[in-house]
Amino acid sequence: MLEAIGAALAGVHFGVPLAYYWRARGWLRRGWGIREDGGYAPRVTVVIPTYNEAENIARRLDNVYQQDYPRDKLEVIVVDSASTDGTADIAERWARQHPDLKVVVLREEKREGKAKSLNRALRLASGDVVVIADADALWAPDALRRAVAKLADPSVGAVSCVKKPLAAYGIEDGYRGYYNVLRVAESKAWSTPIFHGELAAFRREALEAVGGFPTDIGADDSHTATLIALRGLRAIVADDVACGEAVPRRGYHAWRIRRAQHLLQHFWKVLTRPKTPRQFKAILYTEAYLHVVNPWLLPAAVALLLTSALTGSIPAAALLGIGAVMTAYKPYRTWMAAQIYLIAAAVRNLWTKEIVWQKHDKSNGHGAEDPAIKASAPTPRGAEP
Ligand code: GDD
Ligand code: MN
């Protein structure tokens, strides 16, 4: 009996995400259903939130400067939360050296988290489109233009990027990992509930309509995009908008757990919303289930199977054996790791929300050619949270 329940839980744990993945792959064949307009060039405000980003900020500003978007339509707001490494000074110096781009540096007196800073910048932003650009990320040179072109369609409220190895961008259409496939597929089907602060472009009115960025939870990017989707505008990750991100060398597990904590906070909060557009229901509820509930089936199944195996059940021992042998397969290991991060995150959320998080050392993450940027490309499974 125990072994049957254990096997069933394991079946659900692996079966639901696999089934969802296959279904989502079908959505990939669909068109976008978006009327893109390459000539649409509204005023754009790029917001770069910073806390101790002295190593990255100049490179980040260079990368925005090099975008193939009309520079006179562009405004950059660097909003710095009392960095102690001179980030704001570097940004100001950079601004003086590039007088043909409007750059505003906002200095906050104390650090109260990214979302508060974003809201402060939002109040000053003059653009019709507001784009969040994490300081440790890089964009493909056409990323901004392509993201904005999609916002020309009035049904689209928010656009985010696929995380790719930037070095390979444009050369190969490329292998896409599990999470990028899901993000793009959900976006083609209608909208995705997971966004990337590395590049998150919003129609400004839509942002204002949802009250800006949430300051009580960590996933400012995903939550805001989802609130916009809940109001009926599409929130999409576009497959031709590419970004890369530095991955910490040290403290990698803590980093993954913190991000998982934020995603869980996001899904909990979203689930308390009364109304979900019909097209978004299956996607939102499945993703919420996959993040909040599904991970726990794994330890439950292992515990039941282990109990049965120890009391002499051969099938239970065999199943556990298969599970152990499968760890030779990398996507399986990556999946397992993601489940462990989500479980650890749920537990950690009981005492800390990590609204103001520890800064990780990503000092190896320089340059598009750099292995650290490449490493931010999705691995087959479990690359996020
Ligand atoms: N102004 C300000 N104030 N900026 C901050 C603060 C703060 O207190 N804390 C972090 N930032 C900035 C960082 O300097 C960086 O530019 C950006 O916010 C993202 O922070 P990272 O330290 O790079 O975090 P991450 O990449 O792991 O964060 C991911 O998850 C977050 C929420 O879970 C990204 O997806 C973020 O976009 C997302 O907000
Ligand atoms: Mn980051």
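Coordinate-derived values only; no laboratory data. None of these values were measured; they are calculated from a predicted model. Every residue, glycine as well, gets a Cβ built from its backbone with ideal geometry; the counts of neighbours run over all protein chains shown.
Worth pointing out:
- The calculated 222 nm mean residue ellipticity attributable to helices in the chain amounts to -15000 deg cm²/dmol, summing -39500 (n - 2.57) over DSSP H runs of n ≥ 4 and dividing by all residues.
- Segments 31-44, 218-231 sorted - mean Cβ within 10 Å per residue, highest first: 218-231, 31-44
- Counted charge near residue 341, where neighbours are those whose Cβ lies closer than 9 Å (Asp, Glu -1; Lys, Arg +1): +2
- Linear extension gain, residue 5 paired with residue 300, 0.36 nm per residue minus alpha-carbon span: 105.3 nm
- Taking label positions 7 Å along the Cα-Cβ direction at both residue 112 and residue 292, the computed distance is 2.8 nm, reported to one decimal.
- Ranked by how many other beta carbons lie within 10 Å on average, peptides 145-158, 315-328 from highest: 145-158, 315-328
- Across the chain, C-alpha contacts under 8 Å between residues 6 or more apart give a mean separation that, scaled by the residue count, equals a relative contact order of 22 percent.
- When each of the peptides 284-294, 344-354 is scored by how many other beta carbons lie within 10 Å of its residues on average, the order from highest to lowest is 284-294, 344-354.
- Linear extension gain, residue 25 paired with residue 208, 0.36 nm per residue minus alpha-carbon span: 62.5 nm
- The C-alpha atoms of the chain define a longest principal axis, and helix 278-292 lies at about 70 degrees to it.
- Environment charge of residue 279, counting only residues whose C-beta is closer than 11 Å and scoring Lys/Arg +1, Asp/Glu -1: +2
- Computed FRET value (nearest 0.05) for residue 97 with residue 126, which takes r as the C-beta separation and R₀ as 25 Å: 0.65
- GNM result for the chain, Cα springs below 10 Å: residue of 205, 186, 109 fluctuating most strongly: 109
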